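Right, one structure below, let's go through it.
The values are calculated or read from the model by the stated rules, or taken from the named source; none is laboratory data. Remember, predicted model here, so these are calculated numbers, not experimental data. Backbone-built Cβ (ideal geometry, glycine too); neighbour counts: all protein chains shown.
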Amino acid sequence: MSIPEEFVQELKMRTDIEDVISSYVTLKRSGNRLLGLCPFHREKTPSFVVNKDGNYFHCFGCGVGGDPITFIRKIENVDYVDALKILASRAGMTVPEGKADDGMRKLKNRILEANREAARFFYGELMKSPAGKDALSYLHGRQLTDKTIVHFGLGYSPPERYKLTNYLMSKGFKGDELIAANLICQSKNGYGQYFDRFSDRIMFPIMDLGGNVIAFGGRIMTDIKPKYLNTSETPVFNKRKNLFALNFAKYVVKGQLILVEGYMDVIALHQAGFETAVATLGTALTEDQARRIKQYCDEVVVCYDSDEAGRKATLRAIEILRPAGLKIKVMNVPNGKDPDEFIKSYGEHGPSRFGLLIEKAPNDIDYRLNEMKKGFDLNRPEQRVDFLTQASSVLASIDNPVERDVYSARLSDEMNVQKQAISSLVESGVKHERERERREYRRRVNQNLSVQMNMNNNGNLRAAKAEEAIITIMMINSDIADRVYRELRPEEFVTGYNRSIYAVLVKRLQAGKGISISDVSEDFTVEEMSMLVKLIDSYSPETNPVSAADTYISILREEGTKLSPEQIAGADNDTIMELIRQTQKKKFGHG
């Protein structure tokens, strides 16, 4: 899809990198930069930097970097065009349609159309077909009203394995489109027959934030496993990024979301008036989902099952939600009930009782400490010591020193131990954690450097560094860029990776386009943008950039004549011809 350059430039002018990134990351000002916890890897000490003047971001821990478009591509896992659409929506603009190949866009649209038709089909089967009577009775038995059933678009997949397939194909959909949507499968018996993926299940449409049906969850009404069958990943559905019912909850959320485990819990809570309930989609909570939640609220009430699996899932969720900058409350429903069962068991008073449980729910630190206590006999001195040692590690994970101090004082009172002793354990844990983070940070930095060097140097580190310096000088000094590219051809680069980067910059200059970090994201991958930002962020400005560029060009040409036999054997024809030209120029004084 080709998008007019004028539109892209206008969009970039209307896009503020701080506004974009602060929708996903909590940023704090530090000098002329903004710091935050990187959304692309776990960390407790901020290494994610936003440079407003340069209009780029860079994480010194994991190495990712780029402009606002690159950020959206990375965090939303979309391509360049879709990233433009997201930013355009934020800016109140509409991306104009282009004439270039848009096969993937068409496929995505066809999948969404097929899902919409499938949802209508499933709903019709539930409400009108004889086979759907048992399913409808089941939902009514779960005390769901017809209004709720319609609101969530619930349906039923009939036991016949060809009914949906035939229906959708009669609507003009092709087999490959329906397979891509994961609505149908193809037999492997040699005949290639199509058949429905879902059979004899209550169907839950899964919608994106725009209300498009992007997937389905199917629940069996018997004891046959699996209990739930979900749509696999498709071009429009990523189960690690989406949340069930967030398309409804986003309209009513006021600082708090309720996170539960299943579709039925969500639906029952919405019907009871708790319309901010959401659930993951057949997977444990992910960092992507935590970031999505953070866009809509500051606090999450985790309400998972109280069995062992639920407790483990809760602890995992806490580990993911806290680094996302969210406050956490953990709600235990009494007597091992799930939210749906609890509310129903108290009739008309169920919702008010559930609301009280939310209000009284402890925060995540209290929850972890209370859960930890269950594993110790605190009447035995050695067990008390072990508990306090483990509890101190929980307190050490708290970033706020005032909060750590408050909990240390409370533990001191509860356990009848001097506060100083507990504080000493906690601070020791804080130092240990910071050292671990520093080691991890150094490991990531060294890993990024190693990857970049292996990618670039081709056995010639001096040439690679000269090439990187030339690329950086050009991108920072637009007035020098034209002069450099007219003097230096891509074929003169020794390393293939830098040569490809330089060739793109030259092509842009020849077309009259800019080559600053804010200009080039359409031509580079997220990884290549990260590499360019790293070069720019680590560059020390030259006193005389023109002279410096000439020096680096001379170094590059000198090193180009020193290729080893193995490098010559692996070089392409353009490189060899340039090597011959440079050797002759050096020997005879002419080109």
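Hey, can you tell me all the residues within the stretch 4-29 that are in a loop (DSSP other than H, G, I, E, B) and of a type in the set (Ser, Thr, Tyr)?
Once the filter is applied, which keeps residues that are in a loop (DSSP other than H, G, I, E, B) and of a type in the set (Ser, Thr, Tyr), the stretch 4-29 yields Thr15, Ser23, Tyr24, Thr26.
Give the residues of the stretch 108-131 that are modelled with pLDDT of 95 or more and not aliphatic (A, V, I, L, M), sorted by residue number.
Arg110, Glu113, Asn115, Arg116, Glu117, Arg120, Phe121, Phe122, Tyr123, Gly124, Glu125
Given the criteria touching a Pro at 6+ places or on another chain (Cβ under 7 Å), assigned to a helix (DSSP H, G or I) and within 30 Å of Gln271 (Cβ to Cβ), does Ala119 qualify?
Yes: the conditions hold for Ala119.
Name the single residue, out of those in the stretch 370-392 being within 19 Å of Gln418 (Cβ to Cβ) and not hydrophobic (A, V, I, L, M, F, W, C), that is farthest from the chain's Cα centre (by Cα).
Top of the filtered list is Pro381.
Does at least one position in the stretch 301-317 carry a residue that is modelled with pLDDT of 95 or more, among the aliphatic types (A, V, I, L, M) and closer than 30 Å to Gly155 by Cα?
Yes, the stretch 301-317 contains a residue that is modelled with pLDDT of 95 or more, among the aliphatic types (A, V, I, L, M) and closer than 30 Å to Gly155 by Cα.
Restrict the check to the stretch 123-138 and report whether at least one residue is within 22 Å of Glu10 (Cβ to Cβ) and in contact with a Leu (Cβ under 6 Å, 6 or more places away or on another chain).
no
Could you list, in sequence order, all residues of the stretch 281-323 that are basic (Lys, Arg) and either touching a strand residue (DSSP E or B) at 6+ places or on another chain (Cβ under 7 Å) or in contact (Cβ under 8 Å) with a residue 60 or more places away in the chain (or both)?
Selection gives Arg291, Lys294, Arg311, Arg322.
Which is crowded, with 18+ Cβ neighbours inside 10 Å, more than 20 Å from Asp265 (Cβ to Cβ) and not β-branched (Val, Ile, Thr), of Phe216, Phe248, Phe244, Phe237?
None of the others qualify; the one that does is Phe237.
For the stretch 499-532, enumerate the residues that are part of a loop (DSSP other than H, G, I, E, B), in contact with a strand residue (DSSP E or B) (Cβ under 8 Å, 6 or more places away or on another chain) and crowded, with 22+ Cβ neighbours inside 10 Å.
Hit for the stretch 499-532 is Ile517, nothing else.
Could you list all residues from the stretch 273-295 that are surrounded by 20 or more Cβ atoms within 10 Å (Cβ to Cβ) and assigned to a loop (DSSP other than H, G, I, E, B)?
Once the filter is applied, which keeps residues that are surrounded by 20 or more Cβ atoms within 10 Å (Cβ to Cβ) and assigned to a loop (DSSP other than H, G, I, E, B), the stretch 273-295 yields Phe274, Thr276, Thr280, Leu281, Leu285.
Kindly provide the set of residues from the stretch 474-487 that are surrounded by fewer than 21 Cβ atoms within 10 Å (Cβ to Cβ) and either β-branched (Val, Ile, Thr) or in a loop (DSSP other than H, G, I, E, B) (or both), ordered by number.
Scanning the stretch 474-487 gives Ile476, Asn477, Ile480.
Looking only at the stretch 27-46, count how many residues are surrounded by 14 or more Cβ atoms within 10 Å (Cβ to Cβ) and either farther than 30 Å from Arg439 by Cα or among the polar types (S, T, N, Q) (or both).
1
Check every one of the helices (runs of 4 or more DSSP H) wholly within the stretch 330-442 and list those with 1 or more residues that are within 30 Å of Tyr263 (Cβ to Cβ).
Passing ranges, in order: 339-345, 350-360, 364-373.
Starting from the stretch 422-441, keep only residues that are over 16 Å from Pro46 (Cβ atoms) and at pLDDT 85 or above, then list their pairs with residues that are surrounded by fewer than 18 Cβ atoms within 10 Å (Cβ to Cβ) and of a type in the set (Val, Ile, Thr) whose Cβ atoms are within a distance under 8 Å, requiring at least 6 positions of separation or different chains.
Close Cβ pairs (under 8 Å, with a partner that is surrounded by fewer than 18 Cβ atoms within 10 Å (Cβ to Cβ) and of a type in the set (Val, Ile, Thr)) amount to Leu425/Thr389.
Kindly indicate whether any position in the stretch 345-353 is of a type in the set (Phe, Trp, Tyr) and surrounded by 15 or more Cβ atoms within 10 Å (Cβ to Cβ).
no
Could you list all residues from the stretch 213-267 that are part of a strand (DSSP E or B) and among the polar types (S, T, N, Q)?
Asn230, Thr234, Gln256
Counting only residues that are within 21 Å of the chain's Cα centre (by Cα) and surrounded by fewer than 19 Cβ atoms within 10 Å (Cβ to Cβ), which one in the stretch 7-26 is farthest from Ser89 (Cα to Cα)?
Checked the stretch 7-26; the qualifying residue farthest from Ser89 (Cα to Cα) is Thr26.
Just for the stretch 533-556: of the residues that are charged (D, E, K, R) and either surrounded by 20 or more Cβ atoms within 10 Å (Cβ to Cβ) or touching a strand residue (DSSP E or B) at 6+ places or on another chain (Cβ under 7 Å) (or both), which one is modelled with the lowest pLDDT?
Asp537
Could you list, in sequence order, all residues of the stretch 142-172 that are part of a helix (DSSP H, G or I) and closer than 16 Å to Tyr263 by Cα?
Correct list: Thr148, Ile149, Val150, His151, Phe152.
Taking the condition of being under 17 Å from Leu126 (Cα atoms), crowded, with 18+ Cβ neighbours inside 10 Å and free of Cβ contacts under 8 Å to residues at least 24 places away in the same chain, how many residues in the stretch 144-196 meet it?
Looking only at that region, the number is 1.
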